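Below is one structure, written out as structure tokens; the observations come after it.
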């Protein structure tokens, strides 16, 4: 194979944030742009190049199509809520919001988004993920390496704890708390001592999936928002491998948001009612969807 084909293959770039995208471009020289003497050979090599490009595209494509879903219903959501954490418990939504000086933990009524209870997270902390454990609520902060424990019923403070690195998302699987830190790793914590027990690396087609954000435990899987992406990753908690993706881009459009910071973030699962809710930062709507698996 000639140097021209090798050069073209090297220029083949599959542009993808998390490894599930398609090739963005091919840098080639078309035969018609060559002198007459080289056109026949160039056309042959051009055909081989496109064959190789097609094979590379198939290899770069996802092993599965995006998981299909249907919109069930939409609910009001505070457009000023910079959503960082979300879960559903005993008929109510619990939400944490971010930004220093604006961070809160809230209990919300689903049907109209009314705030039933709130706890302000004082400066300098930037609120992040939250999760319930027994009669308590655990919350993270972004860059201060500190989390807080609150009473679930009235948000009264109980204690604080420290961790290394950033705090992003939280969920639980009835045995562990599961925490994201903005990387491709998920930490499993002892829910009582809050000590780290182990980690897994989340991958898709053998590549790490970075920027894991808000988390939710759904029917034996970890679901994760990806920061600055509309895809939700369905993660195998044993291996870290992504099982498939759920693309909620149409919901961001339906929310009518345009700010680049108004990203999809917030997944809550009502296990008793088998209902799934998703929203985003500063979205005026929260959506109930039904996933077809």
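The values are calculated or read from the model by the stated rules, or taken from the named source; none is laboratory data. Just so it is clear, the structure is predicted and the values come from calculations on it, not from any experiment. All Cβ positions, glycine included, derive from the backbone under ideal geometry; neighbour counts span all protein chains shown.
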Checking 223, 283 in turn, the sole residue that is over 18 Å from residue 92 (Cα atoms) and touching a helix residue (DSSP H, G or I) at 6+ places or on another chain (Cβ under 6 Å) turns out to be 283
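Condition check ((1) in contact (Cβ under 8 Å) with a residue 60 or more places away in the chain; (2) outside the structural domain of residue 235 (by TED's automatic domain parsing); (3) within 20 Å of residue 168 (Cβ to Cβ)) across all residues:
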residue	(1), (2), (3)
248	yes, no, yes
252	no, no, yes
258	no, no, no
269	yes, no, yes
275	yes, no, no
280	yes, no, yes
283	yes, no, yes
So is residue 117 in a strand (DSSP E or B) and either surrounded by fewer than 21 Cβ atoms within 10 Å (Cβ to Cβ) or modelled with pLDDT of 95 or more (or both) or not?
-> yes
Selected residue (only one of 211, 207, 175 is loosely packed, with under 15 Cβ neighbours inside 10 Å, within 17 Å of the chain's Cα centre (by Cα) and either touching a residue at least 12 places away in the same chain (Cβ under 8 Å) or within 25 Å of residue 275 (Cα to Cα) (or both)) = 207
Looking at the stretch 100-114, which of the residues that are at pLDDT 95 or above and surrounded by 16 or more Cβ atoms within 10 Å (Cβ to Cβ) is farthest from residue 144 (Cα to Cα)?
-> 110
Looking at this structure, is residue 199 surrounded by fewer than 22 Cβ atoms within 10 Å (Cβ to Cβ), at pLDDT 95 or above and on the phi > 0 side of the Ramachandran plot?
-> no
Of the residues that make up the stretch 120-127, is at least one in contact with a strand residue (DSSP E or B) (Cβ under 7 Å, 6 or more places away or on another chain), in contact (Cβ under 8 Å) with a residue 40 or more places away in the chain and either surrounded by 14 or more Cβ atoms within 10 Å (Cβ to Cβ) or outside any strand (DSSP E or B) (or both)?
-> yes
Which one is surrounded by the most Cβ atoms within 10 Å (Cβ to Cβ), of the residues in the stretch 70-98 that are touching a strand residue (DSSP E or B) at 6+ places or on another chain (Cβ under 6 Å) and not in a strand (DSSP E or B)?
-> 81
